[in-house]
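K.L.:
Can you keep this structure in mind? I'll have questions shortly.
Just so it is clear, none of the values below were taken in a lab; they were calculated from the coordinates. Note that the coordinates shown come from a computational prediction; the quantities given were computed from them, not determined experimentally. Cβ: placed from backbone, ideal geometry, glycine included. Neighbour counts: every protein chain shown.
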Amino acid sequence: MAGLERGKRKPTVKRCPTPPRFAGEMLSVLSDVMSVENLDSVLHKIASTVAELFSVRALIISVLDENDQVFRVRATYGYEPERAEKLRKFTYSQQRMKKDLDERYKVMENVYFVRPGPEEFVKADEQFYFHLTDITKPRGNPEEWHELDYMKFLFRDREGVTNGYIEVIEPVNKRTFDTATIEAMQIFSQLAGVAIENAKMYQQRVEEAQRSKFLSDIIAHDINNYNQAVTSYLAMAQADGQDAKSTHKFLERASSSAWSISELIQRASKLAKIEEEGAANMGPIELGEVLKASAASVLRESADHKVRIDLNLGGNRYFATGNELAEEIFTNILKNAVEYDPHEAVVVEVSIGEFFVDYMRYWCVSVADNGIGIPDSKKNLVFGRFNGLEGGLPASGLGLSIVRAVVEAYHGMVWVEDRVPGDHSKGSVFRVALPMTSSS
């Protein structure tokens, strides 16, 4: 949110000679907040604890994204679910943060009380407020909390770098906090910052352990299934009474299953690498060229079938942020579209359009197929590692796991819808939204 204009008086808080209150209550909840668990759980506990302990109606918690060097809203309190979901897409730049951390707004160490005027209201911030008509309301009693007011409590890491903050949007009584309350909130915020850093380290260790265990999980899960298929087909090929044609058919199926093991290992290694290294060497990519390359690759692999991929690109150029992994996204989606279409002649339609989420602009690639479709109960599951689509041999789902991993590394979105709304049996539309960028 915008800062104060230069020349305005530094915000003040009521002085209180008494020591910080809430000590007993804080001690009773800190053991719970300081427990080591995943980051989102810790943030949720901190948000609800601050709200209940200090009578806060609404607040947000933002954490530094170390890759993009922006602060992202990770937890909210006091907002209905749909609005909270929108707020969690909000980012706060380092430049904007510096405006809020001006010495004029500092009320004590790591605490900043920003009281902007109506002329400083930023349209994109209106999602944080509850009473938009009060934004232009003149300030009266300095102890009253104005609609535009907010107070930041900073978290700092072991090196003293700001890595997050609690931002109080509105107290329950709409009055400014007294000094004793702010001191107590400051102490709690410092301890909460330690809990957040511990949770981040814990989460990193868990993810590393999961990645190191990943290939062995694949071996135990899918490779065993394919080996059973190979063994079964070989047994049928060797069975007494088989003619040469049947024997040849079973041997071909055994060979196909064996090659599937090799492809599975390659995909597992690729996914592990993406999750380990993230998206490196990011820059502008032209989605039309990426789609052409992906379509050509899938058509080569499907040369024995009647497959047509219609690229409806409109003669335009579509630049998004990505790297050489982008082709993996659309190659895997197109492979699924072909593989799970039971028709003799397979037709897949691809198009690109604009997509907006609040102030963010994306190119949205839509891949529409005429396949077996995906029931609503499974739409959110198909991007998991071991949630393959129905039909055929046991599927690992790794192709769509790779799609999700790359898209998330690009800060994009991926989801699936019914091609005919309300009737999943008519096929699916996979949509991939990637942030727009310029060509240079």
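K.L.:
Compare the peptides 294-307, 138-151, 107-120 by average per-residue count of other Cβ atoms within 10 angstrom and give them in order, highest first.
P.N.:
Ranking, from highest mean packing down: 107-120, 138-151, 294-307.
K.L.:
Run the dipole for the range 279-440 about the Cα centre, Lys and Arg Cβ at +1, Asp and Glu Cβ at -1, nothing else charged, and hand back the magnitude in debye, nearest 20.
P.N.:
120 debye
K.L.:
May I ask you to evaluate 6.51 cos²θ - 1.76 cosθ + 1.60, the Karplus curve with θ = phi - 60°, for each residue of the range 47-58 and list the ³J(HN,Hα) values in order in whole Hz, giving x for glycine and proline?
P.N.:
4, 5, 5, 4, 4, 6, 6, 10, 6, 9, 7, 8
K.L.:
Which entries in the list K152/K379; K86/K379; K86/K292; K89/K379; K86/K306 go over 32 Å, if you measure between the two C-alpha atoms of each?
P.N.:
K152/K379; K86/K292; K86/K306
K.L.:
If you don't mind, there's one more thing I want to ask. Dipole of the range 279-440 (Lys/Arg Cβ +1, Asp/Glu Cβ -1, origin at the Cα centre): which of V367, S297, I285 lies farthest to the positive side?
P.N.:
The listed residue farthest towards the positive side: I285.
K.L.:
Quick one: which of 184-195, 81-92, 337-348 comes out on top by average Cβ neighbours within 10 Å, and what's the full order, highest first?
P.N.:
The packing order, highest mean first, is 184-195, 337-348, 81-92.
K.L.:
Next question, about the same structure. Translational diffusion coefficient, Stokes-Einstein: compute it for the range 279-440 using the Kirkwood radius over C-alpha pairs as Rh, at 37 °C and 0.692 mPa s, and state it as an integer in µm² s⁻¹.
P.N.:
This corresponds to a translational diffusion coefficient of 206 µm²/s.
K.L.:
If you don't mind, another one. Projecting each Cα onto the charge dipole of the range 23-203 (Lys/Arg +1, Asp/Glu -1 at the beta carbon, about the Cα centre), which of P81, A192, Y202 comes out farthest on the positive side?
P.N.:
P81
K.L.:
Shifting gears a bit: Looking at the calculated P(r) for the range 23-203, what percent of the C-alpha pair distances fall above 26 Å?
P.N.:
26 percent
K.L.:
Report the Rg/Rh value for the range 304-361, based on alpha-carbon coordinates and the Kirkwood definition of Rh.
P.N.:
Rg/Rh: 1.04.
K.L.:
Now for a separate question. List K379, K245 from most exposed to least, where exposure is judged by having the fewest other Cβ atoms within 10 Å.
P.N.:
With the fewest neighbours first, K379, K245 line up as K245, K379.
K.L.:
Also, quick follow-up: To the nearest 20 Debye, how big is the dipole of the range 23-203 about its Cα centre, given +1 on the beta carbon of each Lys and Arg and -1 on that of each Asp and Glu?
P.N.:
The calculation lands at about 260 debye.
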